[in-house]
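Beneath this line is the structure, given in structure tokens, with notes to follow.
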Amino acid sequence: MNTRIASVAIAATVVALASGCSAGGETQDLEAQLAEVTEQRDALQAELDAIDARYDKTVAVKAAVEDILADPESYGTPDEVADLLASYGTDDAVMDDDVFGAVGLRQAWYNTLSNQVDAEIETVQQWVDDDGSVSGSLWIWRGTNFAGEPFELVGINVDTHADDGTIENEWVAYPYPDEFVRVAIIGGGTPTTVTGEPFDE
């Protein structure tokens, strides 16, 4: 049963029991039932409040990360940007990349944007689950790679979030063979942009 529907049902039961009591049908059993239903209602409301709070916190975390990615230079040096991005994750948060493996969130962001690459992330679409526990994004990763060649890759990430909205784990995947992604970042780049257009000379 949907928790919000359950909350309404419990509230209705409370009213019905209370009405019975006021009509003279009050007994110790009814009082016990009323207390039990009231406790269940309060516990459910607390759960709903916690879910709403986590959703709001997760949305705020995603917005903060997107603001940084939209203009990282305004947030300082590459090290400062990596530190700031990592601050929106838990202490042991990991970016688990399908191609490059699992790395601590701070190092992963530094590698993505600055470590022997000059790159940016353009977010195309994003979402947050209703309870704030999971979020995701569709993005384009573009720039100049280790070998000085241009690259442009599309990818997705799916994040899990702690109760305070911070990122616990970020899974990253690409719609390409692993070797294509490795060459894009380490070797010859990509032949064209993600839309098939040649790179500007």
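The values are calculated or read from the model by the stated rules, or taken from the named source; none is laboratory data. Values in this document were obtained by computation on a predicted structure and should not be read as measured data. A quick note on method: Cβ atoms are made from the backbone with ideal geometry, for glycine too, and the neighbour counts reach across all protein chains shown. Side chains are part of the model used for accessible areas, which takes the heavy atoms of the whole protein and leaves out ligands, DNA and RNA. Shrake-Rupley method; radii C 1.70, N 1.55, O 1.52, S 1.80 Å.
See the values below:
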item	result
Options 175, 150: the member that is of a type outside the set (Gly, Ala, Ser), more than 16 Å from the chain's Cα centre (by Cα) and open to solvent by 60 Å² or more (accessible area, probe 1.4 Å)	175
Among the candidates 103, 117, 94, residue that is of a type in the set (Val, Ile, Thr), in contact with a Gly (Cβ under 9 Å, 6 or more places away or on another chain) and open to solvent by 20 Å² or more (accessible area, probe 1.4 Å)	94
Of the criteria (1) at pLDDT 95 or above; (2) within 16 Å of the chain's Cα centre (by Cα); (3) surrounded by fewer than 16 Cβ atoms within 10 Å (Cβ to Cβ), which one residue 86 fails	(3)
Flag for residue 56 being open to solvent by 40 Å² or more (accessible area, probe 1.4 Å), within 30 Å of residue 85 (Cα to Cα) and modelled with pLDDT under 70	no
All strands (runs of 3 or more DSSP E) inside region 119-201 with 2 or more residues being more than 17 Å from residue 109 (Cβ to Cβ)	134-144, 150-161
Lone unmet requirement of (1) surrounded by fewer than 17 Cβ atoms within 10 Å (Cβ to Cβ); (2) closer than 22 Å to residue 178 by Cβ for residue 77	(2)
Subset of region 82-92 [under 15 Å from residue 63 (Cα atoms) and of a type in the set (A, V, I, L, M)]	84, 85, 86
Residue count for region 179-201, restricted to those that are charged (D, E, K, R) and either within 24 Å of the chain's Cα centre (by Cα) or surrounded by 14 or more Cβ atoms within 10 Å (Cβ to Cβ) (or both)	0
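Condition check ((1) touching a strand residue (DSSP E or B) at 6+ places or on another chain (Cβ under 7 Å); (2) within 20 Å of residue 101 (Cβ to Cβ)) across all residues:
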position	(1), (2)
122	yes, no
145	yes, yes
163	no, no
189	yes, no
